[in-house]
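What follows draws every value from the coordinates through simple rules; no lab data is involved. Here the structure is a predicted model, which means the values were calculated and not measured. Heads up, the Cβs are rebuilt from the backbone with ideal geometry, glycines too, and the neighbour counts pull from every protein chain shown.
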Amino acid sequence: MAEHVWFITACSSGFGRAIAFSALRRGHKVIATARDSSKLGELRDAGAVVMDVDVTSDDETLTAKLAEANAVFGKITHVVNCAGYILEGTIEEASNKEVFDQFNTNVFGTFNIARAATQYLRSAAAGEGGRRTALATFGSLGSWQSSAAVAHCMLCYASLINKHLTNLPLPLTDCSTKFAVSGLTEGLADELKAFGIDVCVVEPGYTRTGFLARGSGSGSDNHRIQTAKRLAVYDGTPAAALRDAMEVYDGKQPGSVEKSAELIVDVLTGEGVAAGRPVPVRLVLGEDAVEAVRRKCKETLELLEAWEAVGRANTG
C-alpha cells in the first residue's frame, strides 16, 4: 500500500498542478482532479490518477467522488484544496449571484471537500502508525488585509508592486473569501487534531500562476473574473489603480509556484525544510506575504494599544 496518497483539487493549473507534480516526483501516489480532467493529460502521463471533481457539487456527489478516490489506493493521506478564483469588482459593482458564486467555490467548495474527505483522513491517520496525514486549504496574503476592487476576493500585494508601478496608491489588497477560509481552517485544525490529522491553510503572496489572467464566467477553472457591471464613478480611484496593477503585474509576480509547491509538500509530509517540525496551522509563503503579515500584526497591536482603555471600559 502506498505510503503517501494525495487527493488534490484544481490540478489543471497553478498550485494544484505544481503540488501534484512535486508529490509524483517524490514517488508519492496522486489523485489529481479538475472540473474537466481531460485537461490533466500531462499529470496522467506522469503517473497520476485523474478524476472529474467540481468542488461546488452537492454532498451526495462529493461523498461518492471521495469514496471512489479512496478506493483507488485503499487510503488517502493528504488532501489539498486549491480551487478558487478572483472576482474583480467593487462591492457596489458585484451582483449577489457573482458574490455567491465566488464564495461557493472559494469558501463553500473548500469545506465541501474537507467534509467529504475527513472520514478517509481519519481512517488513514488511525492506520499510519504515527505517520503524518494532512488537510490543506488555500488562503492568501489576502487572508490578512482587504482593499478596493477585490474585497470579495483573494488577492494581495503592495511593497513589491510599488517597485515596478510608481504612483500606485494601494497598500495590501485582498478579500473576504480568504479571510473566511483561514478563519474556518483554524477551527477545523482544532476539530481534527484529536484524530492525528494536521490541518494547514497555505497563505501565499503573489506567485507566478495564471491567477491574474482574465477569464470569462465563474468557476474554479477561471482565475480572474470581472463583474458584469462597471461603474465609471470608480475611474481614478484606488479600485481602478488596482485593476491596472493586476493587468501590468500578471506574469511578473515574485513567487515561484514550483518552489512553493516543493515547500508545501515538505511541510505537509515533514520532509526537507520541515523535517522534525510540526505542521503549522497557517503557512505564509513569499517575501511579500511575510512582510505584509508582520506589518499587519504591528498595526493591529498599535491599534489595540491606542484603544485599550476604551476596550476595557465595559467591565463591571
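Suppose R0 equals 45 Å; then what is the FRET efficiency for Asp190 and Ala240 from their Cβ-Cβ distance, rounded to the nearest 0.05? About 0.65, to the nearest 0.05. Annotation: aspartates and glutamates with alpha-carbon distance below 16 angstrom to Lys97 (same-chain offsets under eight excluded): Glu88. In the stretch 258-316, the convex hull through the Cα atoms has an average projected area of 6.2 nm², a quarter of its surface area. Overall dimensions of the stretch 75-123, expressed as equivalent-ellipsoid semi-axes from the Cα gyration tensor (√(5λ), whole Å, largest first), are 30, 9, 5.
The alpha-carbon of Lys259 sits under 26 angstrom from the alpha-carbons of these lysines, leaving out residues fewer than 8 places away in its chain: Lys29, Lys39, Lys163, Lys178, Lys296.
In nm, what is the difference between 0.36 nm times the number of residues separating Arg122 and Val233 and their Cα-Cα distance? List each step's numbers first, then the result.
Details: separation 111, 0.36 × 111 = 39.96 nm, distance 5.19 nm.
Separation in residues times 0.36 nm, less the Cα-Cα distance, equals 34.8 nm.
The ranking of Leu43, Leu62 by Cβ neighbour count inside 10 Å, starting from the fewest, reads Leu62, Leu43. Label separation (Glu60 vs Phe108): 1.7 nm, computed from points 7 Å beyond Cα along the C-beta direction. Under the simplified labelling scheme, the Asp52-Ser256 pair shows an inter-label distance of 3.7 nm, with each label point 7 Å from Cα along Cα→Cβ.
With only alpha-carbon atoms in the gyration tensor, what are the semi-axes of the equivalent ellipsoid for the stretch 10-137, in Å, largest first? Don't skip to the answer; put the middle values down first.
Numbers: eigenvalues 147, 61, 34 Å².
Taking √(5λ) for each Cα gyration eigenvalue gives 27, 17, 13 Å.
In what sequence do Tyr120, Tyr206 fall when counting other Cβ within 10 Å, fewest first?
Working: Tyr120 21, Tyr206 26.
Arranged by neighbour count, lowest to highest, Tyr120, Tyr206 become Tyr120, Tyr206.
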